[in-house]
Structure formats: C-alpha cells, structure tokens
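Since the structure comes first, as structure tokens, the remarks are kept for the end.
The values are calculated or read from the model by the stated rules, or taken from the named source; none is laboratory data. Note that the structure is a prediction, hence the values are computed from the model and not measured. Methodologically, a virtual Cβ is constructed for each residue, glycine included, from the backbone with ideal geometry; neighbour enumeration extends over all protein chains shown.
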Amino acid sequence: MKLTGESKLLLGILAATGAIIGIAVFFFSKPPAPPKPIARDELVTTDSFSIGNGSASAYLVEFSDFQCPACRAFAPVVNELVGKYPDKLLFVYRHFPLTKHEFAKPAAMAAEAAGEQGKFWEMAKLLFENQDRLSTKPWTSLADELKLDRTAFDAALNSEILKIKVDRDERAAFQLKLPGTPSFFLNGVRLEAASPLDLQKAVEDVVQ
C-alpha cells in the first residue's frame, strides 16, 4: 500500500512519540540515586556531646528537642544501641529546640550546664523523664538530684558561650532543612525512621 505524505508524517509523529515515551519510562523507572552523605565534620562538631567510640566507622547523629515527645520515645532505643555497640558506634547529640516548644531551649541550656560538670547525659535522661513538667522549669531541682555545684550550674544556665553553641546547632538544623525532631543521620545520610524499631534496624544493619 502506498502511503501518502500525510500518512508518512503521522507515522513519523507516532514513532517519535513512542520513542519519547519509551525513554521517559526507562528513566523514571530507574531507582532514585541514593542520597549523598553529608561530610562527617559537618555533623560531628568537636564540642558536641558524644558517647561511644570516636574512631568507629559507624556514627549516628541526632538533632533533638527535650520537649519533643517523639524524641523521648526514641531515647531508650538510642541508649540501648550505645550500650550494645560501645566499640562499633559513635553517637552524637545536637540540639534542635523547636520554636513551638517554649521550654526546649532552656532545657537544652540546662543539659549543657550540667555537661560543664560532666553530667550532660544524666541531665538529658532526667529532662526526658520529667518532660511533662518542663513548664515548671525544674532545672535547679534536677541539678540538686545530680548533686551538681549549684553556683556553677546557675552561672552556666546563663552562659553566652553555651547559648551560642545551642543556637549554632539550631542554625545547622535549619540549614539542613530538617523537618522536625528527632532527625537522625547515620554515616552522614538522613534516616527516614518512622519508629524506634526502624532506627534500631538501620543502625544494626550497619554495625553488624
């Protein structure tokens, strides 16, 4: 059958359209490229409180808020992982006090103030355990519970140096465009951990 000029043009258009669709299907069906890890020194700051093996190849960084219920829910699993893999994992805590939480930043300052006396992790634990009464500003009673030097603790609560540190972490969280707390980075890649069990599995897949 002899094709007319119009028929040839139509067939050409159909062939080109099919080729375009085929190329589009090929590219869009490909799995997305894995996210590019953020450099370790951007996440692990020298003055952030950390626990575990500083030389471990696996490192977990959390941006957290002491007034955040989800952060409190994740805390036991984080503690379990740190205790289970002391030689294989480094855990780093960074502050991200959300603006909607009125007492998150003062709580962060209380943890840092306790950290000046070597009791950051102990204060962090107490802050999560007393999350429901942060509005009463229980910093001094918690300091007494930890047997801290009250004069030094009270001075540190208003330390400009510690405030700058907390604010720096907060700015970093904004620059990283974190959606909220807790936000975790495992070996530089942000995790999509919907539950503490998700976090546990992700970490154990790396360290084991």
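For the subset of segment 20-70 comprising residues that are in a loop (DSSP other than H, G, I, E, B) and among the basic types (Lys, Arg), which member is modelled with the highest pLDDT? Applying the filter and picking the extreme gives Lys36.
Restricting Asp144, Asp167 to those that are over 20 Å from Leu43 (Cα atoms) and either among the aliphatic types (A, V, I, L, M) or surrounded by fewer than 17 Cβ atoms within 10 Å (Cβ to Cβ) (or both) reduces the list to Asp144.
Among the residues making up segment 76-97, those that are part of a loop (DSSP other than H, G, I, E, B), touching a helix residue (DSSP H, G or I) at 6+ places or on another chain (Cβ under 6 Å) and surrounded by fewer than 22 Cβ atoms within 10 Å (Cβ to Cβ) are Tyr85, Lys88. Within segment 116-128, can one find any residue that is among the basic types (Lys, Arg), over 15 Å from the mean Cα position of the chain (by Cα) and closer than 18 Å to Pro182 by Cβ? Taking every residue of segment 116-128 in turn, at least one turns out to be among the basic types (Lys, Arg), over 15 Å from the mean Cα position of the chain (by Cα) and closer than 18 Å to Pro182 by Cβ.
Quick check, is Ala73 within 17 Å of Leu142 (Cα to Cα) and in a helix (DSSP H, G or I)? No, not satisfied. Only residues that are touching a helix residue (DSSP H, G or I) at 6+ places or on another chain (Cβ under 6 Å) and within 23 Å of Leu89 (Cα to Cα) were counted in segment 159-183, giving 2.
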